[in-house]
Amino acid sequence: MWKRCLSFLSILLGLAGFCALPFIVGVHDLVQTIGQVGWLCIVLFIVNAAGTQIMPAIGWWMILRAEGIPASLFTTLQANLMGYPLNVMTPSMFLGGEPLKTLYLATVYDAPKGQILATIIVAKFQELGGIILGMVTATALFVWHTDYFTMRSEALLIAALALLFVAPTSPAELK
């Protein structure tokens with residue numbers, strides 16, 4: 001019973017803080033800023049921010065299902081959102097909430113903790129791959145669509161991007 005009361009109070013406190021922000025910042029300043037960037041940018045920002053929480057959880061859910069753990073998408077989202085505050089608050093950022101997520105899913109689905117932790121590690125590598133792919137794509141698009149660089153510099157940058165994809169990454173591949 002006290003856990004539900006604490007959860008309710010936490011949600012209520014979060015909503016109160018969210019509603020108080022315009023008054024702390026200033027309603028006029030807030031409306032002026034929204035007017036400068038436009039409502040479409042605000043909506044895209046909210047979708048992007050929500051996507052950073054939801055998309056990794058969906059990827060992790062797919063890995064869990066492939067591993068034979070019958071996790072539901074809702075429970076996976078819950079676990080991901082539970083671990084997020086710890087990820088942000090711990091010094092090793094993005095590696096703090098994994099024990100909590102592991103224990104939660106192991107308890108809910110009576111699955112081995114090692115198996116669940118392995119799916120989290122695979123999901124983290126997939127997230128890292130997505131970030132690197134996004135960075136390389138953004139750099140390539142920047143080089144392609146701007147005249148910021150001379151032709152010689154463009155050729156060097158494109159060659160460097162190509163090397164990122166074909167260069168050996170481990171000492172074993174260098175031998």
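Of all residues in segment 122-138, which are surrounded by 13 or more Cβ atoms within 10 Å (Cβ to Cβ) and under 24 Å from SER72 (Cβ atoms)? Before the answer, list the steps.
Filtering segment 122-138 down to residues surrounded by 13 or more Cβ atoms within 10 Å (Cβ to Cβ) leaves 122-124, 126-127, 130, 136.
If the condition is that a residue be surrounded by 13 or more Cβ atoms within 10 Å (Cβ to Cβ) and under 24 Å from SER72 (Cβ atoms), then VAL122, ALA123, LYS124, GLN126, GLU127, GLY130 are the ones that fit.
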**OP:** Considering every residue within segment 105-124, establish whether at least one is free of Cβ contacts under 8 Å to residues at least 12 places away in the same chain and outside any helix (DSSP H, G or I).
**Re:** yes
**OP:** Determine the pairs where a residue that is in contact (Cβ under 8 Å) with a residue 60 or more places away in the chain, located within segment 60-85, has a partner that is assigned to a helix (DSSP H, G or I) and open to solvent by less than 50 Å² (accessible area, probe 1.4 Å) with Cβ atoms under 7 Å apart, the partner being 6 or more residues away or on another chain.
**Re:** TRP60/THR76; TRP60/ASN80; TRP60/THR119; TRP60/ILE120; TRP60/ALA123; ILE63/THR119; ILE63/ALA123
Subject >> Filter result (open to solvent by less than 90 Å² (accessible area, probe 1.4 Å) and either of a type in the set (Phe, Trp, Tyr) or at positive phi (or both)) within segment 1-46 >> reply: GLY26, GLY38
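Kindly check whether there is at least one residue in segment 123-140 that is out of contact with any Ser or Thr (no Cβ under 7 Å at 6 or more places or on another chain) and at positive phi.
If we filter segment 123-140 for residues that are out of contact with any Ser or Thr (no Cβ under 7 Å at 6 or more places or on another chain), which is where we start, we get 123-140.
Then keep just the ones that are at positive phi; that gives none.
No: segment 123-140 contains no residue that is out of contact with any Ser or Thr (no Cβ under 7 Å at 6 or more places or on another chain) and at positive phi.
Looking at segment 76-98, can you tell me whether even one residue there is under 30 Å from LEU161 (Cα atoms) and of a type in the set (S, T, N, Q)?
yes
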Original post:
Just a yes or no: is a residue in segment 64-74 open to solvent by 50 Å² or more (accessible area, probe 1.4 Å) and more than 15 Å from LEU105 (Cβ to Cβ)?
Top reply: no
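Against the condition surrounded by 14 or more Cβ atoms within 10 Å (Cβ to Cβ) and within 25 Å of GLY130 (Cβ to Cβ), how does GLN53 come out, does it pass?
Values: surrounded by 14 or more Cβ atoms within 10 Å (Cβ to Cβ): no; within 25 Å of GLY130 (Cβ to Cβ): yes.
It is false that GLN53 is surrounded by 14 or more Cβ atoms within 10 Å (Cβ to Cβ) and within 25 Å of GLY130 (Cβ to Cβ).
The values are calculated or read from the model by the stated rules, or taken from the named source; none is laboratory data. Small disclaimer: the values here were computed from a predicted structure and weren't measured. Positions of Cβ are backbone-derived with ideal geometry, glycine not excepted, and every protein chain shown enters the neighbour counts. The area values use the complete protein model at the heavy-atom level, side chains included, leaving out ligands, DNA and RNA. Shrake-Rupley method; radii C 1.70, N 1.55, O 1.52, S 1.80 Å.
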